[in-house]
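The values are calculated or read from the model by the stated rules, or taken from the named source; none is laboratory data. Predicted model, so just to flag it, every value in this text is computed and none were measured. Don't worry about glycine lacking a Cβ; one is built from the backbone with ideal geometry, like all the others, and counts go over all protein chains shown.
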2 protein chains.
Amino acid sequence: MSKSELTLTPVETVACCSPLVREPLSADRAERVAPLLKALADPVRLRLVSIVAASEGGEACVCDLNDAFDLSQPTISHHLKVLHEAGLLDRTKRGVWVYYAVRREVLGDLAALIGGGA
Amino acid sequence: MSKSELTLTPVETVACCSPLVREPLSADRAERVAPLLKALADPVRLRLVSIVAASEGGEACVCDLNDAFDLSQPTISHHLKVLHEAGLLDRTKRGVWVYYAVRREVLGDLAALIGGGA
DNA sequence: TCAAGACATCGACATCCATCGATATCAAGA
DNA sequence: TCTTGATATCGATGGATGTCGATGTCTTGA
C-alpha cells in the first residue's frame, strides 16, 4: 500500500488486505466495505447491476433500464446514483443518453473479500 | 434443481444458477439474495463474521464477541440474530455459553454469485 | 429560438433499522 | 432453592432509506 489505510476510499479498501475469514476486519476497514455491500443489498440494485453486466458491451442505457422495472424513472435514477457513488457502476453520457457499466474489478475484489477462504 | 425456484430459501437461492454478470437476475432471485447481502452490509456484522471466521476452531463465544465492541450486549445479540436468521452463522449452545460459527459455503456461494465473472 | 425527450434533483412520506435500557430466560453452583 | 452470570427479548427512539410526483437541466432537431 502506498496510501495510508486511513485515506482509502471504499473501493480501494475492498481490494486491499486479506479476506474476511483470514483475520479479523478492522473497524475502519469494515466501515469502508459496508457501504459497498449496502449498495448491492437491494433487489432492484442487484438486478440493475446484473442487467448492466449481462448486456452486450457490458453497458446499458438508462432508457432500457427504466423499461425493465415497474418503478418510476426517478426511483431507477436514484438507485443508479447509489450504485455509481458506491463505485460499482461507471457513468458515460453519449448524446442524450446515459450509459452505465459495471466495474468488474470491484465486484471481483468484493467477492474475494467475502469468499476468500473458499 | 430438485425444488422449484419458488420454494428456495435465500441461502439455497444464492447457491443456484449463474453469477450476477452472466445473465440478468430474475426478480424472484434478487428478492431472495438481497437479504443475505443486507445482513452482511453493516460494519458491526461484517466484523462479527470476520472475528468468528478467524477464530480458532472457526467459532466464537458471544462473551468474547461482546468484548470486541463498544456496543451494548443487546445490540451485539441483535446483530448475531440477524446473521443467524440470514443463514450466515450457525448457533450452538454449550453449557451457559453460546457459540457462533460461520457457514463458509454460504459465503463462498455469495462470492461466486457476485464475482462469478472474475 | 423553441419544443420535445432523456435523465437528474428536490421535497415529502412511510417504512425500516441500529441502538439502548429494562427485563426475561436459562444453566450452573452454593 | 437462591443467586449469579450469560444470553435473548421487548419497547422506544432517532436516523436512514425506498418510493413517488413535480420540477429542473441538457441535448437535439425543427
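Within the bounds of region A:20-36, is there any residue that is of a type outside the set (Ser, Thr, Tyr), surrounded by fewer than 19 Cβ atoms within 10 Å (Cβ to Cβ) and in contact with a strand residue (DSSP E or B) (Cβ under 6 Å, 6 or more places away or on another chain)?
Within region A:20-36, none of the residues are of a type outside the set (Ser, Thr, Tyr), surrounded by fewer than 19 Cβ atoms within 10 Å (Cβ to Cβ) and in contact with a strand residue (DSSP E or B) (Cβ under 6 Å, 6 or more places away or on another chain).
Could you please give the count of residues in region B:32-61 that are assigned to a helix (DSSP H, G or I), at pLDDT 95 or above and either out of contact with any helix residue (DSSP H, G or I) (no Cβ under 7 Å at 6 or more places or on another chain) or small (Gly, Ala, Ser) (or both)?
7
Any residue that is in contact with a strand residue (DSSP E or B) (Cβ under 8 Å, 6 or more places away or on another chain) and on the phi < 0 side of the Ramachandran plot - is there at least one of those in region B:71-79?
No - not one qualifying residue is present in region B:71-79.
What residue, of B:ALA112, B:ALA86, B:ALA101, is over 27 Å from A:ALA15 (Cβ atoms), away from DNA strand D (no atom under 12 Å from the Cβ) and small (Gly, Ala, Ser)?
Selected residue: B:ALA101, the only one of B:ALA112, B:ALA86, B:ALA101 that is over 27 Å from A:ALA15 (Cβ atoms), away from DNA strand D (no atom under 12 Å from the Cβ) and small (Gly, Ala, Ser).
Of everything in region B:28-52, what is closer than 19 Å to A:ALA27 by Cα, away from DNA strand C (no atom under 14 Å from the Cβ) and within 8 Å of chain A (Cβ to nearest Cβ)? Give them in sequence order.
B:SER50, B:ILE51
Is it the case, given these coordinates, that B:ASP64 is of a type in the set (D, E, K, R) and away from DNA strand C (no atom under 16 Å from the Cβ)?
yes
Specify the residue that is surrounded by the fewest Cβ atoms within 10 Å (Cβ to Cβ); the eligible residues are those in region A:53-64 that are more than 9 Å from every other protein chain (Cβ to nearest Cβ) and either basic (Lys, Arg) or within 16 Å of the chain's Cα centre (by Cα) (or both).
Restricting to residues being more than 9 Å from every other protein chain (Cβ to nearest Cβ) and either basic (Lys, Arg) or within 16 Å of the chain's Cα centre (by Cα) (or both), the top hit is A:GLU59.
State all residues of region A:71-104 that are assigned to a strand (DSSP E or B), in contact with a helix residue (DSSP H, G or I) (Cβ under 6 Å, 6 or more places away or on another chain) and near DNA strand C (Cβ under 7 Å from one of its atoms); if no residue qualifies, say none.
Within region A:71-104, A:ARG91, A:VAL98 qualify.
Condition (residue is modelled with pLDDT under 95, in a helix (DSSP H, G or I) and facing another protein chain (nearest Cβ under 9 Å)) applied to region A:4-27: is it met by at least one residue?
Within region A:4-27, not a single residue is modelled with pLDDT under 95, in a helix (DSSP H, G or I) and facing another protein chain (nearest Cβ under 9 Å).
If I filter region A:77-118 down to residues being away from chain B (no Cβ under 14 Å) and hydrophobic (A, V, I, L, M, F, W, C), which single residue comes out as nearest to B:GLY115 (Cα to Cα)?
Filtering first and then ranking leaves A:LEU80.
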